[in-house]
Each structure stands twice: as structure tokens, then as C-alpha cells.
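Coordinate-derived values only; no laboratory data. Computed from a prediction, not measured in an experiment: that's the story for all the values here. Ideal geometry is used to build each Cβ from the backbone, glycine not excepted, and the neighbour counts take in all protein chains shown.
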Amino acid sequence: MVWEFAGTFIGSGQTLEDRQDRLTAACSAWNMACTPPEAHERLLRQYVESCRSYNPDATDEKLSDVRRVMEKLMRNKLALFPTVRKQIVGAQLSRAAGKDRIDVVSATFI
């Protein structure tokens, strides 16, 4: 499922570490998309502010790009899997036999 909604984004990372970072971001977008729509704006704002705190040299333009990517990933998730509400609690990217592999742990919260 993760590759279906975010594979292009994840796969565009140049290194395994870049792709893992993109996988982590995609999982955050997935989890935000699972919340009620009225929470999306607040969660996106919090995500961007978190990015700013971890990357104090990031420009406003870069942070706007981050937000746009997250919004697109959330739209992709909702378009492809509108009824799936499982939260991703862990995801790891590894490489075996020349191919990337994604292992995901999810949970349904009541």
C-alpha cells in the first residue's frame, strides 16, 4: 500500500538513507490522512514546524515545498485507500538482491 500511494516519491531518493527519509515522511502523510479532515490543516502546520525545528537553515520556500509534498501524499492516500484507517507505527526500507524492500508495521487505534 505504501509503495502504491508514495512509490514515486520514495523512489526518487538518491541513496538508501534518502529513500528511508522519504518513506518516513510518506508514513507521516499517511497517518495525517487517516485523521478527520478538520485536523489536517493543524497537523500539516505542526509537521512543517517540526521540520523547521530540525532544519533551522531551511528556507520558507523549502518548507512550502515540504508542505506541498505532504498535501499531495495525503491526497494520494485518500484517493487510493479512502476507507483504510490503520496508522503506520513503523516502516523500514532495506535493499536485497538489488531491490528496495519496505517493511511496515500498522495498527488500528480505536
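Tabulated data
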| quantity | calculated |
| --- | --- |
| Conditions (1) in contact with a Leu (Cβ under 9 Å, 6 or more places away or on another chain); (2) over 20 Å from GLN87 (Cβ atoms); number of the one not met by GLY11 | (1) |
| Candidate set: the stretch 18-57, residues that are surrounded by 12 or more Cβ atoms within 10 Å (Cβ to Cβ) and basic (Lys, Arg); chosen: the one nearest to the chain's Cα centre (by Cα) | ARG22 |
| Residue tally, condition in a helix (DSSP H, G or I) and closer than 18 Å to LEU44 by Cα, over the stretch 80-92 | 0 |
| Qualifying residue in the stretch 9-17 (condition: under 10 Å from the mean Cα position of the chain (by Cα) and either assigned to a helix (DSSP H, G or I) or surrounded by 13 or more Cβ atoms within 10 Å (Cβ to Cβ) (or both)) | yes |
| Complete set of residues in the stretch 93-110 that are closer than 17 Å to SER12 by Cα and within 15 Å of the chain's Cα centre (by Cα) | LEU93, ILE102 |
| Hits in the stretch 63-110 (condition: over 18 Å from GLN20 (Cα atoms), in contact with a helix residue (DSSP H, G or I) (Cβ under 9 Å, 6 or more places away or on another chain) and β-branched (Val, Ile, Thr)) | VAL84 |
| Test: residue in the stretch 20-33 that is under 22 Å from SER106 (Cβ atoms) and either without any contact (Cβ under 8 Å) to a residue 24 or more places away in the chain or in a loop (DSSP other than H, G, I, E, B) (or both) | yes |
| Among the residues listed as ARG101, ARG67, ARG95, the single one being under 20 Å from LEU44 (Cβ atoms) and surrounded by 10 or more Cβ atoms within 10 Å (Cβ to Cβ) | ARG67 |
| Residue that is surrounded by the most Cβ atoms within 10 Å (Cβ to Cβ), among those in the stretch 70-92 that are under 12 Å from the mean Cα position of the chain (by Cα) and of a type in the set (D, E, K, R) | LYS77 |
| Every residue from the stretch 57-106 that is of a type in the set (A, V, I, L, M) and farther than 16 Å from THR24 by Cα | ALA58, LEU63, LEU78, ALA79, LEU80, VAL84, ALA96, ALA97 |
| Residues satisfying the stated conditions in the stretch 3-19, i.e. touching a helix residue (DSSP H, G or I) at 6+ places or on another chain (Cβ under 8 Å) and touching a residue at least 60 places away in the same chain (Cβ under 8 Å) | TRP3, GLU4, PHE5, ALA6, PHE9, ILE10, GLY11, ARG19 |
